[in-house]
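Derivation of every value follows stated rules applied to the coordinates shown; laboratory data play no part. Just so we're clear, the structure is a prediction, and the values are computed from it rather than from any experiment. Reconstructed Cβ throughout: ideal geometry from the backbone, glycine too, with neighbour counts over all protein chains shown.
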Amino acid sequence: MLTSVNWMNEYLDPPASAQEQAELLTRAGFPLEGSEALSGSDTRQDYEMTSNRGGCVCHLGLAREIAAISGRRLIPCETLPLVTGGPAREVITVTNREPGLCPLYTGRVIRGVTVGPSPEWLADRLRAIDQIPRNNIVDATNFVLFEMGQPTHVFDLAKLAGPRIIVRLAGQHFVSENIRAGLLFTYADKDATADFNSNQEYIIGGVVNIQYAPPMGLTNWPWRLDLPVLGILTNYQTPDPTIDPTVIRQDQEWRINVVNTFGFSREWSAFVQFGYSNNKSNLPNFTFDNISGVVGVTRSFF
């Protein structure tokens, strides 16, 4: 992660030099990978980050580590926006379809905004970490991201359908309020050590997800029914001499699954899965039907 020494010192009392920041963060488990002197007595530093320390992928998070190790006072961010008018929900709605992946998504309406260049202090902060200033709207979201580690998104209210924001996974189409569907097509060219195992694989599939309320109010968390279907065509390159040296194998497989997930909380859920697959091949050895069933419990740590 790229940081600015001057930017980091906005959250530290007393401030720390570039060398002190590097030494303290290395002790905290974030080794320094590079350092570059900038104009205006600033220094850009590059720290190695680990995936389990998401709260430190920002200046405030790293400043907290420095303060904890060195005994400095952490200066919190000042977030006191001027609030006028009614609640945002009177203007726009937010629908969160992935509470397990995105526990909280909030919206705020800001009026009277004029898109233009950012003030120089904001542009300088972004340049110091090798970001390119775009305009005051985009730069404000990037500043919050690199200051607090909080992703924010800005939408033009006049161009927002509804106006409504729907939080969902990419590549899905909503058929109705609680039903969504997606399609898949992939191609793979697989090379194997033996030519008769090398093949081209074509996959087409789809999935329908239905989210519904638990019957009789058994839990307060939504339940979900998933219906994925896959069709797989596999063409092999040469005959397999151990089976039939005159026939090049070709398989056609269909897989159908029914998965019902029973949510109990944001962390805990149970599921029941039934599957059926049918593989037809021009070689009888590879023609089969398969039925499977799985029952399990899942625990989310995110």
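Per residue of the chain, the DSSP helices (runs of n ≥ 4 H) give a summed -39500 (n - 2.57) that works out to -4500 deg cm²/dmol at 222 nm. Ranking G71, P31, L104 by how far each Cα lies toward the positive end of the dipole of the stretch 1-116 (charges on Cβ) leaves L104 at the top.
Note on the chain: with a GNM built from Cα contacts shorter than 10 Å, the maximum mean-square fluctuation among R53, R224, R164 falls on R53.
Pairs of Cα atoms nearer than 8 Å and 6+ residues apart set the relative contact order; for the stretch 173-299 it is 18 percent. When I75, I291 are arranged by Cβ crowding within 10 Å, least crowded first, meaning fewest neighbours, the order is I291, I75. Where both bridge residues fall in the chain, DSSP classifies roughly 95% of the beta bridges as antiparallel. Taking every C-alpha pair closer than 8 Å and separated by at least 6 residues, the mean separation divided by the residue count of the stretch 1-61 gives a relative contact order of 41 percent. In the stretch 173-299, taking the dipole from charged Cβ atoms about the Cα centre, the farthest positive-side position among S198, Y236, L225 is held by L225.
Computed from the C-beta positions of N96 and N260, the FRET efficiency with R₀ = 22 Å rounds to 0.55.
Pick from V113, V207, V229: which residue has the top mean-square fluctuation in a GNM of the chain where Cα pairs under 10 Å get a spring? So, out of V113, V207, V229, the one fluctuating most is V113. Here the dipole of the chain is about 1200 debye; that uses its Cα centre as origin and unit charges on the Cβ of Lys and Arg (positive) and Asp and Glu (negative). Distance from the Cα centroid of the stretch 97-163 to that of the stretch 194-241 is 37 Å (rounded to whole angstrom).
Could you grab the relative contact order for the chain? Cα pairs under 8 Å, six or more apart, rounded to a whole percent.
11 percent
Here the extension length gained between I75 and V109 equals 9.4 nm, from 0.36 nm per residue of separation less the Cα-Cα distance. Comparing mean-square fluctuations of S118, S41, S281 from a GNM of the chain with C-alpha springs under 10 Å, the top value falls on S41.
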